[in-house]
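Each remark here refers to the structure printed beneath this line.
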Amino acid sequence: MELVLAWYDVREHRPGRLRPCGNDECRLFLLDRSRANTARRCSMKTCGNRLKARRHQERARRG
Ligand SMILES: [Zn+2]
């Protein structure tokens, strides 16, 4: 129930769009304040970089 209330609170009081993080392994939500509506990760420093690093690893492993 608290989660629902928090969701409404964000939607009512904060500008921007709330959506799930684009990282499948992440359960956080992100608040997109960009005009272009292009934000996909909750945080570029955490999820964005982690995803990039993992892709790089997979590619390296296959040679
Ligand atoms: Zn995330």
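The values are calculated or read from the model by the stated rules, or taken from the named source; none is laboratory data. Computed from a predicted structure; not experimentally measured. Counting neighbours? That spans all protein chains shown, and the Cβs are built from the backbone with ideal geometry, glycine included.
Checking each residue in region 23-37 for being free of Cβ contacts under 8 Å to residues at least 24 places away in the same chain, within 15 Å of the ligand (Cβ to nearest atom) and of a type outside the set (A, V, I, L, M, F, W, C) picks out D24, E25, R27, D32. Scanning region 17-52 for residues that are surrounded by fewer than 14 Cβ atoms within 10 Å (Cβ to Cβ) and either over 23 Å from V4 (Cβ atoms) or acidic (D, E) (or both) yields a count of 11.
So that you can scan it fast, the table gives a plain yes or no per residue for (1) hydroxyl-bearing (S, T, Y); (2) at pLDDT below 75; (3) not in a loop (DSSP other than H, G, I, E, B):
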{"site": "L5", "(1), (2), (3)": "no, yes, yes"}
{"site": "V10", "(1), (2), (3)": "no, yes, yes"}
{"site": "R27", "(1), (2), (3)": "no, no, no"}
{"site": "L31", "(1), (2), (3)": "no, no, yes"}
{"site": "A36", "(1), (2), (3)": "no, no, no"}
{"site": "A39", "(1), (2), (3)": "no, no, no"}
{"site": "Q57", "(1), (2), (3)": "no, no, yes"}
{"site": "R61", "(1), (2), (3)": "no, no, yes"}
